[in-house]
Every structure is written in C-alpha cells, then in structure tokens.
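Working notes, beginning with the structure itself.
The values are calculated or read from the model by the stated rules, or taken from the named source; none is laboratory data. In this text the structure is predicted, and so the values were computed from the model without any measurement. All Cβ positions, even for glycine, are placed from backbone atoms using ideal geometry, and neighbour counts span all protein chains on display.
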Amino acid sequence: MSRAVVYRAASVVLSYPSAEVLELRDLVAEALAESSAAAAADFAPLFDWWRTTPAETVQTSYVDVFDMSKRHALYLSYWTDGDTRRRGQVLADFKRRFREAGLELADTGELPDHLPLVLEYASIDPDAGAELLQEYRASLELIRIALAERGSPYAGVLAAVCARLPGRSPKDRQQAMALAASGPPSETVGLDAYDPRLLPLAGTGAR
C-alpha cells in the first residue's frame, strides 16, 4: 500500500503547481506520514518550500525547471529515444498500458510518457507500474541527479520514487549513464496503511 501512496503523491506534486495542487499539500503530506516515514521525509523539503514561497514564484520556478530545461525533462522516453522514429512506437506502448489499466489521457494534454501520468498509472497498478518505471530507471535517475545538482526541492520526490524500485540508485551521472547504456531500450539518443485512492489524480495542475 505504501508504494501506491508514494506513486500517487509524486504524481500530484510533480504536476504543474496550480492553486488546486498547492492546496493539496497537507492532504498529501498526511497520506505520506501515515504510509511511510522515509517517503514523508523525502517530500518534506518540497512541502516546506511550498509553504514559505508565494504561489506565483513556485509556478514560475516549475516552468523554469521542468519546461525550459532539458536537463530535468519529465518525459521518460525523451532520455532514451529523443525525437527518433522509435519514440512514436514507445509512446503508443505507454498508451496501450494505460488503456488496459483504465487510465484515460484525453483531458491531460500531455504525452503518455510524462512522469506524473506514469506515476498515476503506477498508483493504480503498483506491480505493472513498478515494472514500467524500472524499464525507464535510467531516465528517472538522470532526472533525480540533475534536480539534486540544481538544489531543487523536487529532488527528494524523485529519490522517493527511485527508492521503491529494486536495486541501488546510481551515485552520480556517470553511473546513471552506464545504467542507461546497459538496459533497454537500446537507443540512447536523448541522453545529455493509507488508501491512495483518497489522493487526487494527475492533471489537476493543468496550465
């Protein structure tokens, strides 16, 4: 159960921080505290920052970090396939998995490999979701490392997600790149006790 809660919580807070998303801070924090003390600690720097920072500043920072910088791109297949022809097939596979889990994408306006959507899927089906996240472990780790290097409060959220996957996280970018080179997909063009259903789904922060 705790794994599903962490996935759902990460899905929410990695969405665009609209007023609606920011208002969910205490609910998400409570869910994490009741489910996993370690995950709650990982999320705490972000919640503290949200609590002490004007909403407009939080929103501007989110756009600057995730939309304006490829180093923190939340599109998992970007890191493995870039803009190659293969990526279209990969995105179709994401859609198929989501459809089979009953997750509708019509209203999100995002590509299906957008991490908040993938985490929402993982919260619905934790086993299948963890398998998909593990397939893109290198992408997750590279995002995590880049956020940590930037000193972003979002780094802890990625750390919490990675901590719930098998194996140790790479210590640095070099190890993460080696992980990417050793696992599927083969192309690496882009490389440079709480019920989780009580938490909202991704898409509440659409901008």
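Could you identify the single residue in Ser77, Ser35 that is under 22 Å from Asp127 (Cβ atoms) and within 16 Å of the chain's Cα centre (by Cα)? Spell out the reasoning first.
Details: Ser35 fails: within 16 Å of the chain's Cα centre (by Cα).
That would be Ser77, the only listed residue that is under 22 Å from Asp127 (Cβ atoms) and within 16 Å of the chain's Cα centre (by Cα).
Within the bounds of the range 57-71, is there any residue that is of a type in the set (A, V, I, L, M, F, W, C), modelled with pLDDT of 95 or more and more than 24 Å from Arg137 (Cα to Cα)?
Yes, the range 57-71 contains a residue that is of a type in the set (A, V, I, L, M, F, W, C), modelled with pLDDT of 95 or more and more than 24 Å from Arg137 (Cα to Cα).
So, restricting to helices (runs of 4 or more DSSP H) that lie completely within the range 75-141, which ones have at least 1 residues that are buried (at least 20 other Cβ atoms within 10 Å of the Cβ), among the β-branched types (Val, Ile, Thr) and at pLDDT 85 or above? Walk me through it before giving the result.
Working: elements: 76-81, 85-100, 115-124, 126-135.
The helices (runs of 4 or more DSSP H) meeting that bar are 115-124.
One residue is enough: does the range 34-48 have a residue meeting the conditions closer than 18 Å to Leu133 by Cβ, modelled with pLDDT under 95 and outside any helix (DSSP H, G or I)?
yes
Mind listing whichever residues of the range 42-58 are over 17 Å from the mean Cα position of the chain (by Cα) and either under 14 Å from Ala160 (Cα atoms) or not small (Gly, Ala, Ser) (or both)? Walk me through how you get there before you give the answer.
Of the range 42-58, the ones over 17 Å from the mean Cα position of the chain (by Cα) are 48-58.
Those that are over 17 Å from the mean Cα position of the chain (by Cα) and either under 14 Å from Ala160 (Cα atoms) or not small (Gly, Ala, Ser) (or both): Asp48, Trp49, Trp50, Arg51, Thr52, Thr53, Pro54, Glu56, Thr57, Val58.
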